[in-house]
Amino acid sequence: MDTLFFNGNFYQGGRAWSPGVLVGAKGLITKVFSSETEAAAHRSPNIRRLDMRGRWVLPGFEDAHTHPAGRARTLSELDLRGGNGGWEEAKIRIDHQARAAPENRWIVCHGWNQSTWGNIKQEDLDRVSLDHGIFLINISYHGGLLNKKGGALLKEIGSGWEIADGLVTEESFDRAIVATAPDAASYAASIPLYQQKLIACGIVAAHDMNVTTMQQMEAYAELDAKNLLPIPVTAYLNPRLLKNTSRLKEFLKPRRGNFRVMGVKIFLDGAIGTSTAAVNRPYADGTGRGVLRMDREACAEVIKQAAALGLPHIAIHCIGDRAIDLAATIFRRLRKEYARDISLWRFEHFEMPDTDAINALAENGGIASMQPNFSWDAENYHRRMGEDIKKINPFRSILNARVPLVFGSDDMPSGPIQGLAWAVAKAPLPEQRISMEEALRAYAATPAEVVGMGHRRGKIAPGYEANFAVMKNNLLAVPPSKISDALVTETWVRGRKVFG
């Protein structure tokens with residue numbers, strides 16, 4: 001049965017609105033009405049009528065950088081992200097879980113924030129338990145802390161590396177993440193639940209920017225085969241998965257469901273929060289210059305493997321300006337060589353680019369995939385960054401250079417509302433702020449375009465999926481200081497209400 005949505009405000013772009021739309025039985029928009037009179041006159045016994053009660057309807061958001069699989073484990077582990085209790089709360093909850101768990105089990109805690117928790121050390125974890133492996137994950141997901149038992153458990157499974165003080169960053173952190181990860185069945189149970197959290201934020205599609213283990217791949221494939229993924233996921237693989245070519249090929253076969261593998265993600269550096277983002281000038285607080293995790297040759301080998309497997313997208317994690325410079329060099333040198341195999345190059349985070357790096361993307365067709373909420377680095381790490389704080393998130397410069405811009409949350413936290421506020425109103429440098437219309441495009445139409453779905457998602461127009469984020473207020477008219485208070489009241493996917 002067709003559905004007539006009327007008495008609403010459906011965003012058409014360019015600050016234009018429609019009072020109603022007609023949605024066919026397959027969940028595609030068949031007509032956009034130009035007036036309320038036209039919508040009201042459209043009557044038929046086979047049409048369901050839905051009164052939107054004057055609410056403001058945006059195209060459903062597409063989170064271009066998030067981690068539905070990786071963060072799904074937070075549903076079964078301790079998740080203190082966004083909490084106010086810090087280490088004292090974490091200590092109590094870890095102790096409570098340890099008392100209920102058999103010895104030699106892992107207790108994983110997410111949300112360690114060094115700027116608010118203080119200087120937590122291995123001996124602090126040891127005082128909580130010497131019988132359980134404790135893994136404290138930094139909020140940046142680029143570092144963590146293990147107690148002595150955790151280090152011993154990793155050694156037992158043949159990790160092959162020593163952990164002197166319990167601190168793990170970058171590659172050693174990745175190994176610890178994999179070693180403590182759930183099995184495929186656990187992921188299959190938690191990924192749909194985690195997607196419901198995204199849906200509640202008005203998100204109707206997601207780009208999983210680091211599928212790390214075969215267990216995650218297996219879970220996605222199983223859920224897709226059973227039609228249990230609520231929203232589409234476009235996946236980008238961790239390079240370690242490329243080594244298992246024979247097994248991987250099974251997952252790379254074309255699918256018609258809600259799961260597609262589109263590319264590989266290369267990690268060039270870390271994060272500002274752990275002082276591992278690779279920067280040209282030493283950090284002002286004396287914590288070094290960060291780390292470059294891969295050199296040009298290693299990156300070229302990963303790109304070669306991805307092309308051989310038929311993966312058309314290359315995503316490069318680059319936060320610090322030194323990592324961004326390397327990413328731009330790789331892009332310029334290899335883009336033409338792989339022009340037939342690689343159709344899209346995206347630069348993840350791209351937090352501290354200079355004019356030359358921006359021009360590299362503009363001249364060669366690169367995509368800037370950024371997180372507006374990361375502008376909080378300018379507040380949290382002013383001592384660490386010094387004058388380089390002015391380089392963070394130059395959205396206006398990027399759009400002025402006509403570089404395609406997509407926004408994601410990196411699940412810090414999920415949801416576009418805080419990102420919209422940072423991009424439009426709260427950016428530390430006023431000259432880098434962008435309009436609400438530009439920010440909405442980066443959260444809807446452009447992410448769909450870069451993954452080949454620009455003809456089906458990201459707009460409220462005939463032929464597009466009826467994917468809606470329903471707001472109580474008009475985001476294009478609310479005062480800048482009130483953007484953070486906006487709430488998604490309903491989410492619709494292909495004409496079906498899935499939240500609200």
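The values are calculated or read from the model by the stated rules, or taken from the named source; none is laboratory data. Because the structure is predicted, anything quoted here is derived from the model rather than measured. Here the Cβ positions follow ideal geometry from the backbone for every residue, glycine too, while neighbour counts run over all protein chains shown. Areas reflect the complete protein model, heavy atoms only, side chains present, ligands, DNA and RNA absent. Shrake-Rupley method; radii C 1.70, N 1.55, O 1.52, S 1.80 Å.
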| field | Pairs, first over 22 Å from His207 (Cα atoms) in region 315-344, second among the hydroxyl-bearing types (Ser, Thr, Tyr) and part of a helix (DSSP H, G or I), C-beta under 6 Å, six or more apart | value | none
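Look at region 32-82 and say how many of its residues are in a loop (DSSP other than H, G, I, E, B), open to solvent by less than 70 Å² (accessible area, probe 1.4 Å) and closer than 21 Å to Gln196 by Cβ.
Count: 7.
Residue by residue, here is whether (1) within 23 Å of the chain's Cα centre (by Cα); (2) closer than 25 Å to Glu250 by Cα; (3) surrounded by fewer than 16 Cβ atoms within 10 Å (Cβ to Cβ); (4) at pLDDT 95 or above holds:
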{"residue": "Arg281", "(1), (2), (3), (4)": "no, no, yes, yes"}
{"residue": "Arg293", "(1), (2), (3), (4)": "yes, no, no, yes"}
{"residue": "Arg332", "(1), (2), (3), (4)": "no, no, yes, yes"}
{"residue": "Tyr338", "(1), (2), (3), (4)": "no, yes, no, yes"}
| request: Read through the list (1) in contact (Cβ under 8 Å) with a residue 60 or more places away in the chain; (2) over 21 Å from Arg240 (Cα atoms); (3) in contact with a Lys or Arg (Cβ under 6 Å, 6 or more places away or on another chain); (4) not hydroxyl-bearing (Ser, Thr, Tyr), then give the number of the only condition that Arg281 fails. | output: (3)
| said: If I go through region 129-156 residue by residue, how many of them are assigned to a helix (DSSP H, G or I) and crowded, with 19+ Cβ neighbours inside 10 Å? | reply: 5
| field | Residues of region 83-96 satisfying the condition of being closer than 30 Å to Val211 by Cβ and open to solvent by 30 Å² or more (accessible area, probe 1.4 Å) | value | Gly83, Arg93
| query | Across region 430-441, which residue is farthest from Asp63 (Cα to Cα) among those that are in contact (Cβ under 8 Å) with a residue 40 or more places away in the chain and either in a loop (DSSP other than H, G, I, E, B) or open to solvent by less than 30 Å² (accessible area, probe 1.4 Å) (or both)? | reply | Met436
| task | Kindly check whether there is at least one residue in region 124-138 that is of a type outside the set (S, T, N, Q) and without any contact (Cβ under 8 Å) to a residue 12 or more places away in the chain. | result | yes
| task | Report yes if Arg99 is under 25 Å from Met412 (Cα atoms), open to solvent by 80 Å² or more (accessible area, probe 1.4 Å) and either part of a helix (DSSP H, G or I) or among the hydroxyl-bearing types (Ser, Thr, Tyr) (or both), otherwise no. | result | no
